[in-house]
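Okay, so here's the structure we're looking at.
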Amino acid sequence: MTVYFLVVRYLKDDDYPDSSTDVTSVGAQAFGELLGMPPEQLADVYPLTQEHAERVRQLTGIELDLGKYDYFLETEAD
């Protein structure tokens with residue numbers, strides 16, 4: 001089973017994603033550290049907040065515009 005990591009962006013108060021970026025290459029270890037959990041437990045959807053913004057930018061190059069969008073780290077498995 002392969003696990004993929006996506007940063008998914010939603011316009012505030014919208015139910016459908018505006019964009020999705022595959023960030024799997026960053027790795028589970030880095031995302032586990034970002035979220036404060038063991039990487040093997042990453043199997044859900046996690047909101048990304050101002051607390052995460054700078055590290056997300058460093059890891060992925062994605063700048064979070066939290067005034068306009070909500071962001072989530074989502075996991076998918078095949």
What are the semi-axes of the equivalent ellipsoid of the chain, taken as the square roots of 5 times the eigenvalues of the Cα gyration tensor, listed largest first and rounded to whole Å?
-> 19, 14, 11
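How high is the relative contact order of the chain? Use alpha-carbon pairs under 8 Å, at least six apart in sequence, and give a whole percent.
Values: 121 pairs, mean separation 33.7, N = 78.
Result for the chain is 43 percent.
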If one takes the longest principal axis of the Cα atoms in the chain, at what angle in degrees, from 0 to 90 and to the nearest 10, does the Cα axis of helix 50-60 lie?
-> 60 degrees
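Leaving out ligands and nucleic acids, note down the accessible area per residue over the chain with a 1.4 angstrom probe, in whole Å². It would help to have the intermediate numbers written out before the result.
On the way: 4880 Å² over 78 residues.
Here the residues of the chain average 63 Å² of exposed surface.
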Helix-derived mean residue ellipticity, 222 nm - over the chain, DSSP H n ≥ 4, -39500 (n - 2.57), to 500 = -7000 deg cm²/dmol
So, with a 1.4 angstrom probe, what is the percent of accessible area on the chain that is carbon and sulfur?
-> 45 percent
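The values are calculated or read from the model by the stated rules, or taken from the named source; none is laboratory data. Computed from a prediction, not measured in an experiment: that's the story for all the values here. Just so you know, the surface numbers come from the protein's heavy atoms only, side chains and all, with ligands and any DNA or RNA stripped out. Shrake-Rupley method; radii C 1.70, N 1.55, O 1.52, S 1.80 Å.
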